[in-house]
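What follows is a single structure, written as structure tokens, with notes after it.
Values quoted throughout were computed directly from the atomic coordinates according to the rules given, and no laboratory measurement underlies them. Quantities reported herein were computed from a predicted structural model and do not represent experimental measurements. Every residue, glycine as well, gets a Cβ built from its backbone with ideal geometry; the counts of neighbours run over all protein chains shown.
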Amino acid sequence: MIYKNISLKKYNTFGLDYKAESMIHIKTEKEATSLFNGAVSWKTPLLILGSGSNILFTSDFKGTILCPELKGIKIEEKEPGKGYIIVSAGAGVNWDDLVGWSVNKGLGGLENLSLIPGKVGATPVQNIGAYGVEVKDLIVRVKTININNGLVRLFENNECEFGYRTSIFKNREKGKYLVTRVYYRLKIRPLLNLNYESLKEEVDNLGKVTLKNVRQGVINIRRSKLPDPELIGNAGSFFKNPVVKKSVAVSLKNEYPDMPTFIDQEGYMKLAAGWLIDRCGWKGKRRGDAGVNDKQALVLVNYGRATGMEIYNLSEEIKKSVLERFGIYLEREVEVVGII
Ligand code: EPU
């Protein structure tokens, strides 16, 4: 079913009220195949939208928006001897429902990724991560359909070209495949990851170190720091944490000893974009209804009537001031659609 002239307000967590010329909801693989093998015609360009939690629209969309709604969580293979279970979920499953399901079953791996907004289909595209875990470490394979011919293709983990908040689906083959199902390897005897200091403290406050308490700890931290998009429009972290040469990090650290730094690949360090933005005085600042969250400066918010362009312009101002003060170039994590 193709819908015409649809308001996008409910389809992006910034709550921006632009319109899409066409929108198609896909509930089964069969529907996806017939859409891409030429049986159904639709207007280009095509934009695949999960729950719109990592996107900034800056104008109406003059093409087709595709909403994958493939459901179902399945236990695929039990490998008890090896201590793992392979679980798959449809691209349209709400991510946190899958995390909650796995924790209730006592399966470990996803708990640190609790409450991340979005759907399963976006998790390999974006390689979501939080509190010391990236989803690439749990993904076994990704089932997709080629948008140009309707053929199914499975990508094994090592073919996904995962990086920090990126993958082949966001980079080299962007817009070429629709993710329909994702396969995760979960641990029967969970190995809990409390490397993130604030998470460890939170879990200690909750009592025992259990799978459920780790999930609860993550939920508590996220609720206290990150605004709920149901109440105030936002898309989580707006920028990526910049990765810089170790020498750059060391010389900044000499100048700003309290600046957080994290070890990255050999010779590089990751800086905290939130800290850099905060230090430039942006926390809690507003430009009309576009603003910077008052608890976590990495999150831009829509207080109600901001336009996508206003939020974009605010992000440009922030980039400029961080570059001027620290010589660090910030890259957006959120995908901007409409102007570039
Ligand atoms: N900080 C400040 N001021 C701020 C924000 C942060 O000083 O306004 C400092 C913190 O005190 C801390 C450091 O910066 O020392 C890092 O902050 P935080 O622990 O809040 O994490 P983050 O690096 O800002 C990343 C992810 C989040 C994820 C958290 C927890 C990115 C771009 N963001 O944020 O992911 O939840 O770590 O692991 O990697 C998302 O991608 O949408 C997202 C929310």
Of the residues that make up the range 261-276, is at least one under 30 Å from residue 83 (Cβ atoms) and within 11 Å of the ligand (Cβ to nearest atom)?
yes
Which listed residue, of 99, 140, is touching a residue at least 24 places away in the same chain (Cβ under 8 Å) and assigned to a helix (DSSP H, G or I):
99
Filter the range 288-326 for residues that are more than 16 Å from the ligand (Cβ to nearest atom) and assigned to a loop (DSSP other than H, G, I, E, B) and give the result.
288, 289, 303, 304, 305, 306, 307
For a quick check of your reading of the model, give me the residue pairs whose first member lies in the range 327-340 and is within 13 Å of the ligand (Cβ to nearest atom), whose second is hydrophobic (A, V, I, L, M, F, W, C) and part of a loop (DSSP other than H, G, I, E, B), with beta-carbon atoms closer than 6 Å and at least 6 apart or on different chains.
334/238
Do we have residue 130 as out of contact with any strand residue (DSSP E or B) (no Cβ under 9 Å at 6 or more places or on another chain), within 12 Å of the ligand (Cβ to nearest atom), of a type outside the set (Val, Ile, Thr) and touching a residue at least 60 places away in the same chain (Cβ under 8 Å) here?
yes
Hey, can you tell me all the residues within the range 194-211 that are more than 16 Å from the ligand (Cβ to nearest atom) and either free of Cβ contacts under 8 Å to residues at least 40 places away in the same chain or within 17 Å of the chain's Cα centre (by Cα) (or both)?
204, 205, 206, 207, 208, 209, 210
Applying the selection to the range 167-193, what residues are surrounded by fewer than 19 Cβ atoms within 10 Å (Cβ to Cβ) and either within 13 Å of the ligand (Cβ to nearest atom) or β-branched (Val, Ile, Thr) (or both)?
188, 193
The range 230-248 - residue that is touching a Phe, Trp or Tyr at 6+ places or on another chain (Cβ under 8 Å), more than 11 Å from the ligand (Cβ to nearest atom) and of a type outside the set (D, E, K, R) and, of those, farthest from residue 336 (Cα to Cα):
244
Residues of the range 231-246 classified as without any contact (Cβ under 8 Å) to a residue 40 or more places away in the chain and out of contact with any Gly (no Cβ under 9 Å at 6 or more places or on another chain), total:
1
